[in-house]
Each structure stands twice: as C-alpha cells, then as structure tokens.
Amino acid sequence: MKIHPSAIISEKAEIGKNVEIGQFTTIYDNVIIEDNVKIEGYCEIGVSNNLSEGKNIVIGNNSYIRSHSIFYEGSIFGDGLITGHRVTVREKTFAGKNLQIGTLSDIQGHCEIGDYVRFHSNVHIGQKSKIGHYVWIFPYVVLTNDPHPPSNTLQGVTVEDYAVIATQSVVLPNVKIAKGCLISAHSLVTSNTEDNMLYSGSPARKICLASKIRLKDGTRRPAYPWIKHFQRGYPEEIVKFWESLT
Amino acid sequence: MKIHPSAIISEKAEIGKNVEIGQFTTIYDNVIIEDNVKIEGYCEIGVSNNLSEGKNIVIGNNSYIRSHSIFYEGSIFGDGLITGHRVTVREKTFAGKNLQIGTLSDIQGHCEIGDYVRFHSNVHIGQKSKIGHYVWIFPYVVLTNDPHPPSNTLQGVTVEDYAVIATQSVVLPNVKIAKGCLISAHSLVTSNTEDNMLYSGSPARKICLASKIRLKDGTRRPAYPWIKHFQRGYPEEIVKFWESLT
Amino acid sequence: MKIHPSAIISEKAEIGKNVEIGQFTTIYDNVIIEDNVKIEGYCEIGVSNNLSEGKNIVIGNNSYIRSHSIFYEGSIFGDGLITGHRVTVREKTFAGKNLQIGTLSDIQGHCEIGDYVRFHSNVHIGQKSKIGHYVWIFPYVVLTNDPHPPSNTLQGVTVEDYAVIATQSVVLPNVKIAKGCLISAHSLVTSNTEDNMLYSGSPARKICLASKIRLKDGTRRPAYPWIKHFQRGYPEEIVKFWESLT
C-alpha cells in the first residue's frame with residue numbers, strides 16, 4: 001500500500017490490498033476501495049450530499065482513477081474502472097465492469113451503465129440515463145432528461161448495446177438509441193432509432209445501415225459492427241462470438 | 001469557524017461568522033466572505049489579474065462553493081450563491097442573490113447577472129453578457145460576444161427574465177433572448193427573439209408560443225411559463241404572483 | 001526562485017532561473033522548465049503514461065501556466081506559452097512559440113502546433129491534428145480524428161495559417177481548414193475548404209470570401225484577414241508585413 005503522506009484518508013474508509021493513493025487526495029467516510037486500485041493525486045472519493053444517503057461508494061478491483069477526479073458516495077463500480085482527469089461522478093451511478101470515463105466527463109448520477117462502456121472526454125450523462133454494454137460515447141455528447149426544462153419530469157435516455165454516439169451530438173429526453181446504431185457527429189436525436197442504422201443531422205434522420213460505412217484502413221470491410229475490427233480490451237469470448245458471425 | 005489546517009488563508013481576507021473552508025483551499029488577499037458560507041476543498045478565491053485591479057471579491061451570506069472552484073477578485077455575489085465543482089469565475093462578474101452555477105461552468109467575467117439565475121453544468125458565459133432574473137441556461141450553451149473573431153469589438157448577449165436556453169445552443173453576439181423565450185437544444189440563435197416564443201434550429205427560427213408546449217407529467221398543462229409549475233427554491237412572493245395569473 | 005513549501009518537486013526536474021511554482025503543485029521527474037516561468041498552484045507537470053516513453057516535457061522561457069493544469073511528459077513548448085486554468089495536455093504535443101491555451105482545453109497529444117496559436121476556452125484537439133501558425137480556435141470546437149469511431153484509423157485535422165474556427169464547430173477527420181478560412185459558429189465541416197473563404201452550417205457550405213465580412217467597429221473595413229486589425233501580442237514584423245499589403 002502506497003499512500004502519499006499528504007493524502008487525507010478517513011478511518012472509516014475500507015481500503016483493499018495493494019492500493020495506491022496520490023498526493024493531496026481525500027478519501028471520505030463511506031468508501032470501499034477494493035484491491036489493486038490506483039487513485040492519483042488531487043482526487044476526492046466519497047463526497048456526500050443530501051441524495052447520497054450516506055451509502056457507500058464501491059470502487060472495484062484493478063481500477064485506476066486519474067488525478068483531480070471527484071466521486072460521490074452512493075455509487076457502485078465493477079472491476080476495472082479507468083478514468084481520465086477531472087472526472088465528476090455523482091451519487092447513485094451503478095456501473096458494470098471495465099467502464100472507461102474520459103477527462104472532464106460529468107456523470108450526473110442516478111443512472112445505470114453496463115459492462116465495457118467507453119465515455120470519451122467531456123461527455124455529459126444526465127440523470128436517469130440507462131446505458132447498455134459495449135457502448136461508445138464521444139466528446140461533448142449530452143444525454144438530456146428534461147422534456148421541457150426546467151421541470152420535475154425527468155425522462156432519461158436509453159442507449160442499447162454496441163451503440164455509438166459521435167462527438168457533439170445531443171439526445172433528447174426519453175429517446176432510445178437502439179442496438180448497434182451510429183449517431184454521426186453534431187446530430188440532434190429527437191426520436192427513437194432502429195437497430196444498426198446510421199442517423200445524422202439536426203434533427204437526425206435515418207440514413208442507411210451503419211454497416212454500409214466502409215473502413216478507411218485499405219480493406220474496405222464494413223466499419224460496423226465496430227466490434228468486428230476494434231477489439232482491444234474486450235473479453236475474448238465476445239470477440240470470438242462476433243468473429244464467428246459472417 | 002471550521003478552517004481545515006491545510007487551507008491557506010491570507011491575513012488580509014475578511015471572513016465572516018460561521019464560515020467553513022475545506023482542505024487545500026487558498027483564500028487570497030482581496031476577499032470578503034460573509035456569514036454562514038461553506039467553501040469546499042481545493043478552491044481558490046480571490047485570484048488576481050491585470051483586469052481585476054485589486055478590487056475585492058464579495059461572497060454573500062449563506063453561500064456554498066463546491067470543491068476545485070476558482071473565483072477571481074473583483075466580483076460581487078449576492079446572498080445564497082451555490083456552485084458545483086470546478087467552476088471558474090473571472091473578475092467583474094456582478095451577480096444578484098441565489099445564483100447557481102453548475103459543475104465546470106466558465107463565467108468569463110465583465111458581465112451582469114440578476115437574481116435567482118441558474119446555470120447548469122458546463123455553460124460558457126462570454127464577457128459583456130447581461131442576464132436578467134430567473135433565467136435558466138443549460139449544459140454546453142455558449143453566449144458569445146465577438147461578431148467577427150478575433151477582434152476588439154465585444155458585443156455581449158442579453159438574456160431577459162424567465163428565458164430558458166436549452167443544452168448546446170449558441171447565441172451570437174449582440175443578440176437579445178427576450179423575456180420568457182425558450183431556445184430549444186442544439187440551436188444557433190443569430191438574431192433577436194420575441195417575448196415568450198419558442199425558437200429552434202440552426203439558424204434558429206420562431207416556432208410558436210412556448211406555452212403551446214404541454215407538460216409530460218400527465219396534466220397536459222402548459223409547460224411555459226415554467227415558473228407556474230417549477231417553484232422549488234424561488235421566493236414565495238414570486239410564486240404567488242405567477243399563481244395569481246390565470 | 002519562489003517555490004511554495006507545499007509544492008512537490010522531483011529532484012530530477014531541471015528548473016531554470018527565476019521560476020515560480022505555486023501551492024500544492026507537483027513537478028514530476030522528466031521535466032525541463034526554462035527561465036522566467038510561472039506555474040500556479042494545484043498543477044501537475046510531467047505526468048507519465050505508457051505512450052510518453054519517459055521523454056522530457058520542455059516548457060519554454062517566459063511561460064505562464066495557470067492553476068489546476070496538467071501536462072504530460074514528452075511534449076515540447078516554445079517560449080511564451082500561456083494557459084488558462086484546468087488545461088490538460090497529453091504527451092507528444094509539439095508546439096511553437098507563444099501558444100495560448102484557454103481554461104478547460106484538452107489537447108490530446110500526438111499533434112503539431114505552430115507559432116502564435118490561440119486556443120480559447122474548452123477546445124478539444126484530437127490526436128494527429130496539425131495546426132499552422134497564427135490560428136484561432138474558439139470554445140467547444142472539436143477537431144476529430146476517427147473516420148468511423150471507434151477504430152484504429154486516426155486521420156487528424158489540418159488547420160492552416162491564419163484560419164479561424166468559431167465556437168462549437170466540429171471538424172471531421174482528415175479535413176483541411178485552408179489558409180485564412182473562417183468557419184462560423186456551430187458548423188460541421190465535412191470536407192476540405194478553400195483559402196480565405198467563409199464556411200457555415202451543418203454540414204458547412206462555402207458562403208463567400210471571408211473578407212466580405214465588415215468590421216462592426218464603425219469603420220466597415222474588411223474583418224478578414226483579421227491580422228490587419230487585431231494585432232495585440234503578435235510580432236512586429238508580421239504586423240508590418242500585413243499592413244504593407246493593401
């Protein structure tokens with residue numbers, strides 16, 4: 001265990017084996033950090049508010065939280081969480097394993113996130129979002145939740161497995177981004193989408209099957225489903241399953 | 001008074017009664033913090049630059065500044081300021097009471113802000129902006145000020161009372177967002193708007209009266225003016241006034 | 001040399017004359033800071049990762065890095081670097097002199113940047129970007145690099161000398177923003193542009209010569225090339241050169 005002497009660690013926090021904690025980081029009371037976790041400097045883990053109800057935050061095994069990040073209590077992360085810098089994650093975020101959250105991303109809490117999800121830098125995940133497995137969300141994407149802001153009616157966005165939302169797109173409340181969809185950059189998605197299709201524009205319109213997009217790596221193979229060519233860091237059984245399909 | 005031992009507090013700063021200051025926070029020279037204020041950790045209050053002229057920053061009574069926030073000297077905030085994390089607020093920001101500023105928001109200074117204004121996360125308020133009372137601005141909205149960037153001609157945006165600007169909209173320089181307007185998500189507002197209307201698109205066009213939008217809470221009442229149904233945290237006399245109108 | 005006692009400075013770092021380092025800042029091993037540099041508080045300079053290969057970061061003479069900023073090792077900055085707060089700059093960023101990087105900007109590394117470039121707040125510069133001299137990029141602009149995300153094919157954006165990209169525009173992978181172009185706010189640039197033209201919309205279309213835009217300062221002179229009227233901070237020989245042209 002390597003805990004920097006300037007770090008401030010609550011005696012109530014439960015800290016596993018082989019945990020590293022950086023300079024000027026604060027670990028508050030209701031925190032469970034599992035084994036082989038690295039938390040860099042200037043972080044706060046376990047911030048409380050009136051919605052977190054004093055519940056624990058759990059950081060799964062083999063996680064890596066980069067510097068200047070803030071996590072509230074009352075959330076649970078599976079093994080292998082990896083973050084960039086200055087990530088903010090509010091209470092009641094329930095995430096599966098191998099979540100990646102890029103620099104400056106802001107997860108507003110009260111949301112569900114599956115396994116192997118990737119948020120690139122500076123994504124904004126509104127409350128009540130439900131995100132499946134193997135999803136990709138790119139920089140400056142906003143998942144909204146209020147159909148007539150400001151109001152007390154929160155209707156989160158649903159993003160299904162393998163869907164991809166490209167940079168600076170906005171998804172309106174209650175909209176479903178269906179399995180395997182691709183939302184192109186700078187789009188505004190105003191209504192539900194169909195599986196495996198490409199949507200583009202503001203408002204976004206259905207263009208074609210995402211699989212019609214060809215790889216620009218010289219092979220001209222279909223670029224979607226992306227898991228058939230982009231496999232770094234995914235579990236072997238998933239990669240094999242997709243490769244077994246023609 | 002609860003000041004964390006790791007905080008760095010200038011002897012020149014004036015700090016009121018019942019003030020709490022968190023770990024690793026720095027309070028610089030020209031700072032007046034009134035009573036019952038909480039400033040979390042990792043903040044800087046009273047940063048100086050060549051435009052702040054050594055003038056005080058005043059943080060009103062009953063304010064709450066969350067961690068990792070940066071405020072320059074030379075600004076004045078009324079009572080009840082509340083911020084998220086990592087807020088940056090430059091010099092010569094003059095704000096009324098009960099301002100809320102969300103996580104990652106960047107107020108560029110040299111602007112006026114009325115009472116009970118709400119900035120959600122990650123808004124960008126350009127210099128020379130003039131914002132009325134009871135305004136709402138949602139994530140990734142940018143209020144611009146330079147009609148032909150880069151130049152020395154700064155023409156700020158005006159946002160009137162009760163107006164709402166939804167997520168990822170841009171307002172061009174010198175444009176007036178009129179009283180009670182709603183700008184829908186992902187719009188680009190290029191010219192002045194009329195009171196109480198809904199605008200949408202890039203460039204934004206006038207769609208209809210905002211009051212034609214119905215609440216999705218089952219009642220189908222008009223969603224605008226929003227103050228008629230969303231009243232949490234607003235002063236009683238304002239709520240009663242709006243309820244007295246049919 | 002004024003180094004705050006709470007700063008953490010590696011003995012391996014090479015620090016020049018008249019360098020100032022603020023409270024709670026960390027300077028890691030592979031860091032070369034030249035003369036007359038000021039680094040404010042809460043910064044990290046020289047963060048390593050598996051792509052930075054233990055190479056030095058070099059911060060040129062007369063630079064000023066504002067608080068809460070993070071720089072990775074393996075990058076080189078010419079003299080006169082100036083940053084806002086909370087800037088993140090990854091490895092293998094090679095920049096000329098007088099670069100300015102605004103608050104919250106995120107430079108993803110593996111990119112080339114010329115002299116006298118200005119990034120305003122919250123810009124996102126994707127890997128493989130190539131940026132010329134005297135370029136301006138405004139808030140919430142994203143330079144992308146993946147033509148079919150996610151993939152291993154990274155094709156960076158090229159931005160040529162004197163080009164200007166206004167707020168919240170997205171530039172798609174492999175696109176060239178030509179010399180002296182102006183991309184107006186909230187545009188999506190999907191294909192290469194021609195010198196000195198104005199582009200606008202989503203997708204962006206060619207509108208006219210940028211020089212047809214007139215200054216709103218009362219003179220009605222052409223607003224572009226901007227260097228003919230906006231000269232603060234640029235080298236005298238460049239200003240004279242442009243003034244010598246009619």
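The values are calculated or read from the model by the stated rules, or taken from the named source; none is laboratory data. Predicted, not measured: the structure shown is a model, and the values here were computed from it. Positions of Cβ are backbone-derived with ideal geometry, glycine not excepted, and every protein chain shown enters the neighbour counts. Side chains are part of the model used for accessible areas, which takes the heavy atoms of the whole protein and leaves out ligands, DNA and RNA. Shrake-Rupley method; radii C 1.70, N 1.55, O 1.52, S 1.80 Å.
Points worth noting:
- Here the dipole of chain C is about 1080 debye; that uses its Cα centre as origin and unit charges on the Cβ of Lys and Arg (positive) and Asp and Glu (negative).
- Label zone (A:Tyr64, point 7 Å along Cα-to-C-beta; backbone nitrogen cut-off 14 Å) within segment A:94-117: A:98-103.
- Derived scalar couplings between HN and Hα for segment B:224-236 equal 10, x, 4, 5, 6, 10, 10, 10, 4, x, 9, x, 4 Hz in order, rounded to whole Hz, by the Karplus curve 6.51 cos²θ - 1.76 cosθ + 1.60 (θ = phi - 60°), x for Gly and Pro.
- Annotation for C:Gly218, label-to-label distances across the other copies: 6.2, 6.2 nm (shortest first, one decimal, point 7 Å from Cα along Cα→Cβ).
- Rough spin-label spacing in nm, given labels placed 7 Å along Cα→Cβ, for B:His133 and C:Cys208: 4.3 nm
- Highest GNM mean-square fluctuation among A:Lys38, A:Lys92, A:Lys212, for chain A modelled with Cα contacts below 10 Å: A:Lys212.
- The alpha carbon radius of gyration of chain A, expressed as a multiple of 2.2 N^0.38 Å, is 1.06.
- Here the Kirkwood formula puts the hydrodynamic radius of segment B:172-230 at 11.9 Å, using every distinct Cα pair.
- For segment A:186-234, the share of accessible area belonging to carbon and sulfur comes to 48 percent (1.4 Å probe, ligands and nucleic acids excluded).
- Between B:Asp106, B:Asp161, B:Asp146, the Gaussian network model of chain B with springs among Cα atoms under 10 angstrom shows the greatest mean-square fluctuation at B:Asp146.
- The contact residues of segment A:28-73, meaning those that lose at least 30 Å² of 1.4 Å-probe accessible area when all protein chains sit together rather than their chain alone, are A:Tyr42, A:Glu44, A:His68, A:Ile70, A:Tyr72.
- The mean count of C-beta atoms from other chains within 10 Å of the C-beta of residues in A:136-147, rounded to a whole number, is 5.
- Each other copy holds its own label point for A:Ser151; taking that point as 7 Å from Cα along Cα to Cβ, the gaps run 4.0, 4.0 nm, nearest first.
- Across the copies of the chain, B:Ile207 has label points (7 Å from Cα along Cα→Cβ) spaced 2.4, 2.4 nm apart, shortest distance listed first.
- Dipole magnitude for segment C:123-216: computed about the Cα centre from +1 point charges on Lys and Arg Cβ and -1 point charges on Asp and Glu Cβ, it is near 280 debye.
- Residues whose placed amide H lies under 5 Å from that of C:Ile3, excluding near-sequence neighbours: C:Ile21
- Scattering profile of segment B:81-208 at q = 0.09, 0.15 Å⁻¹ [log10 I(q)/I(0), Debye over alpha-carbon scatterers]: -0.21, -0.60
- Using a probe of 1.4 Å on the protein chains alone, the accessible area found for C:Trp242 is around 40 Å².
- Remark: accessible area buried at the A-B interface is about 2800 Å², both chains counted, probe radius 1.4 Å.
- Rg(Cα) / (2.2 N^0.38 Å) computed for the protein assembly as shown, rounded to two decimals: 0.91
- Using θ = phi - 60° and Karplus 6.51 cos²θ - 1.76 cosθ + 1.60, couplings along segment C:74-83 (whole Hz; Gly, Pro as x): x, 10, 10, 10, x, 4, x, 5, 10, 10
- Cα centroid separation, segment B:223-239 to segment C:198-246: 46 Å.
- The residue list C:Ser69, C:Pro150, C:Cys181 was ranked by how far each Cα lies along the charge dipole of segment C:2-210 toward its positive end, using unit charges on Cβ atoms, and C:Cys181 comes out on top.
- Backbone amide hydrogens, once placed in the peptide plane, bring C:Ile70 within less than 5 Å of C:Glu44, C:Val87, C:Thr88, C:Val89, excluding anything fewer than 5 places away on its chain.
- If you take the Cα centroid of segment B:109-131 and the Cα centroid of segment B:3-41, the two points sit 24 Å apart.
- The residues of chain C expose on average 38 square angstrom of accessible surface per residue, using a 1.4 Å probe on protein heavy atoms.
- Too-long pairs where the Cα-Cα distance tops 28 Å, listed order kept, from A:Lys206/B:Lys206; B:Lys128/C:Lys128; C:Lys179/C:Lys240; A:Lys2/A:Lys55: B:Lys128/C:Lys128
- Counting only Cβ charges, +1 for Lys and Arg and -1 for Asp and Glu, the dipole size of the protein assembly as shown around its Cα centre is about 2660 debye.
- Within segment C:136-179: backbone nitrogen closer than 15 Å to the A:Asp217 label point (7 Å, Cα to C-beta): C:146-155
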